[in-house]
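The values are calculated or read from the model by the stated rules, or taken from the named source; none is laboratory data. Note that this is a predicted model, so its numbers are computed, not measured. In this analysis, Cβ positions are derived from the backbone assuming ideal geometry, glycine residues included, and neighbour counts consider all displayed protein chains. Ligands, DNA and RNA are excluded from the accessible area calculation, which covers all protein heavy atoms including side chains. Shrake-Rupley method; radii C 1.70, N 1.55, O 1.52, S 1.80 Å.
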Amino acid sequence: MDVKEQAQAKVTRNIVFATGEASPYAKSGGLGDVCGSLPIALAARGHRVMVVMPRYMNGALNKNFANAFYTEKHIKIPCFGGEHEVTFFHEYRDSVDWVFVDHPAYHRPGNLYGDNFGAFGDNQFRYTLLCYAACEAPLILELGGYIYGQKCMFVVNDWHASLVPVLLAAKYRPYGVYRDSRSVLVIHNLAHQGVEPASTYPDLGLPPEWYGALEWVFPEWARRHALDKGEAVNFLKGAVVTADRIVTVSQGYSWEVTTAEGGQGLNELLSSRKSVLNGIVNGIDINDWNPSTDKFLPCDYSIDDLSGKAKCKAELQKELSLPIRPDVPLIGFIGRLDYQKGIDLIKLAIPDLMREDIQFVMLGSGDPGFEGWMRSTESDYRDKFRGWVGFSVPVSHRITAGCDILLMPSRFEPCGLNQLYAMQYGTVPVVHGTGGLRDTVENFNPFAEKGEQGTGWAFSPLTIEKMLWALRMAISTYREHKSSWEGLMKRGMSNDFTWDHAASQYEQIFEWAFMDQPYVM
């Protein structure tokens, strides 16, 4: 979007994002995408935005932080039986202050949170340091000649940053600091909560009377033995209790987290905070995901000229050594090969699907059993099925553009991005109606009062029969009702899933947060 056309916020704020990852510096999933894009969208609307994250040094990631400069600022954090010194690095990019917290705990081989042997045993320590540093950064770092100061909007993401609102309430506001600040907890995936034994609470450097905010007791069935009391501390629970507002990454997910099925044990607590709980669908970066400018595609196209999509399909079929047949519906899947993504259902449905005159391509990695199944299925159905084990960004773009249908039978999906990319590229999604998938994919209705409506098919419940029914409806519509299919494509492409749209909704949450008094015990 041209800078002159960029919508400006009514009220500009000092916003501080605290996160375990942000693209392009370090990323393991959707959390990194959000924290790499939303701050830029908010800065473009006139806010002053800082992102605080660890400075991961593991060889492969070192170059990502090459443009960050040492600020010569350091602090000592009282926790885990001593004082631990951290330093700050800074890069100003895309009108955002990217602040990197440096400590030896972030310098090790592996990925962000673990290695081949599992999660790092000191992750609680590593992200406690991050939370303390995120609270101090607005007070001590002179970025562009000015500190951010005490009137900040803290946006804390998932369990890694969840100690921030607890620290604000327990260690700052009682001494008159940050009384004009507010905090918003953004839950990207409730399954990860930062749970550790209760005996670790004194390590966090919090006053003893604040133990109740983090206290967590496992139900009896989840305990390891008869003498196990199930007592633990839960970082995410602390933020649910103390944050001023709570946001999930879709409206549907904001309801699901209050249910026993989707609440991961925090459903009753989240239900008690329903009045401050909202859902905002993630945006997509239209600089990276735009069929009219995508550098990975053999041919560009747009909502006004769809002819290039057929060429993308033919080139994809050629690349995958599938018969080049424009009349055959090409179905795609992109994602992790695991239970959450519903791969077991696809596996069971493939024999039935392969009886249809279709082509199917899958891209992903994960469970070795599913990877082996993809390879063997490809050898069984040479003219119909392709399984690309691994992940390739260029190939994911070409599959998104070249397929006619994208299948997403996820068991749960807080937001989901692939269905948004698919609609942006005129590829019709067939999804399980859960979380963000239900929110973003409108069921096709050829008999609506104002003409045809919908952007795809959202089936429920999650059964093979329902999934096959939705796919067959999509296949028959593609074959027999070309004008309806073009309408599905164009309605999907005309949806506004930009980050600017999401940023304007976050501004409303910030406004509501500042209407109320901050959390105090």
Met57's amide H: which non-local residues (gap 5+, or another chain) put their own amide H closer than 5 Å, with H modeled 1.01 Å from N in plane and none for Pro or chain starts? His107, Arg108
Give the Rg (one decimal place) followed by the Dmax (whole number) of segment 70-170, computed from C-alpha coordinates and expressed in Å. 14.2, 44
Residue-span extension gain [Tyr211 to Lys318] - 0.36 nm each, minus C-alpha spacing: 32.4 nm
Distance in nm between label sites at Arg382 and Ser28, each 7 Å beyond Cα in the beta-carbon direction? 4.2
Residue by residue through segment 279-284, which ³J(HN,Hα) values in whole Hz follow from phi under the Karplus form 6.51 cos²θ - 1.76 cosθ + 1.60 (θ = phi - 60°), with glycine and proline marked x? x, 10, 5, 4, x, 10
Can you give the calculated 222 nm mean residue ellipticity of the chain, where each DSSP H run of n ≥ 4 adds -39,500 (n - 2.57) and the sum is split over every residue, rounded to the nearest 500 deg cm²/dmol? -9500 deg cm²/dmol
May I ask you to give the solvent-accessible area per residue for segment 60-163, in square angstrom, as obtained with a 1.4 angstrom probe? 44
Mind giving me the nanometre distance, one decimal, between the label points for Lys151 and Lys73, set 7 Å out from Cα along Cα→Cβ? 1.9
Between segment 439-468 and segment 32-50, how far is it from one alpha carbon centroid to the other, in angstrom? 33
Going 7 Å from the Cα of Glu261 toward and past its Cβ, which residues in segment 419-437 have a backbone nitrogen under 12 Å from where you end up? 433-435
Could the peptides 109-119, 418-428 be put in order, highest first, of the mean number of other beta-carbon atoms found within 10 Å of their residues? 418-428, 109-119
Expressed in nm to one decimal, what extension gain is obtained for the pair Leu269 and Asn445 from 0.36 nm per residue of sequence separation less their Cα-Cα distance? 59.6 nm
List, in order, the whole-Hz ³J(HN,Hα) value for each residue of segment 255-269 obtained from phi through the Karplus relation with A = 6.51, B = -1.76, C = 1.60 and θ = phi - 60°; use x for Gly and Pro. 7, 4, 6, 9, 9, 4, 6, x, x, 6, x, 9, 4, 5, 5
At most 15 other Cβ atoms within 10 Å plus a DSSP loop assignment makes a site exposed; report the longest stretch of the chain without any exposed GluC sites (Glu not before Pro). 262-448
Would you mind classifying segment 391-486 by shape? Square roots of the alpha carbon gyration tensor eigenvalues, ordered a ≥ b ≥ c; an a/c under 1.5 is rounded, otherwise it is prolate if a/b is larger than b/c and oblate if not. oblate
Can you give me the C-alpha center-to-center distance between segment 233-275 and segment 290-307, rounded to a whole angstrom? 40
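Ignoring any ligand, DNA or RNA, what whole percent of the accessible area of segment 306-496 comes from carbon and sulfur when the probe is 1.4 angstrom?
52
Between Ala226 and Ala7, what FRET efficiency comes out of the Förster formula 1/(1 + (r/R0)^6) with R0 = 41 Å and r the beta carbon distance, rounded to 0.05? List each step's numbers first, then the result.
Working: r = 60 Å, r/R0 = 1.47.
Efficiency, from the Cβ-Cβ distance: 0.10.
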When DSSP assigns beta bridges and you keep just the ones with both residues in the chain, what percent turn out antiparallel, to the nearest 5? 35
Calculate the radius of gyration of the Cα atoms of segment 173-251 to one decimal place, then report Dmax, the largest Cα-Cα distance, as a whole number, both in Å. 14.9, 47
Do any trypsin sites (Lys or Arg not before Pro) in segment 441-521 lie in a DSSP loop with no more than 16 other beta carbon atoms within 10 Å, and if so, which? Lys450
Long-range amide H partners of Val155 with built H, under 5 Å: Val16, Phe17, Ala18, Val184
Please report, to two decimal places, log10 I(q)/I(0) for segment 80-239 at q = 0.09, 0.18, 0.19 Å⁻¹ as given by the Debye formula with identical point scatterers on the Cα atoms and no solvent. -0.33, -1.28, -1.40
With a 20 Å threshold on alpha-carbon distance, the violating pairs from Lys171/Lys237; Lys27/Lys63; Lys151/Lys274 are Lys151/Lys274
A student asked for the Cα radius of gyration and Dmax of segment 306-496 in angstrom ought to give 15.3, 48
Please list 3J(HN,Hα) in residue order for segment 109-114, calculated via the Karplus relation 6.51 cos²θ - 1.76 cosθ + 1.60 where θ = phi - 60°; whole Hz, with x for glycine and proline. x, x, 9, 5, 10, x
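Express the accessible area of segment 306-496 per residue in Å², computed with a 1.4 Å probe while the remaining protein chains stay in the model.
40
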Could you tell me how far the Cα centroid of segment 308-383 sits from the Cα centroid of segment 385-423, in Å? 11
Beta bridge orientation in segment 86-195: antiparallel %, DSSP, nearest 5: 65
Check which residues have an amide H placed less than 5 Å from Gly279's amide H, if you skip close sequence neighbours. Thr248
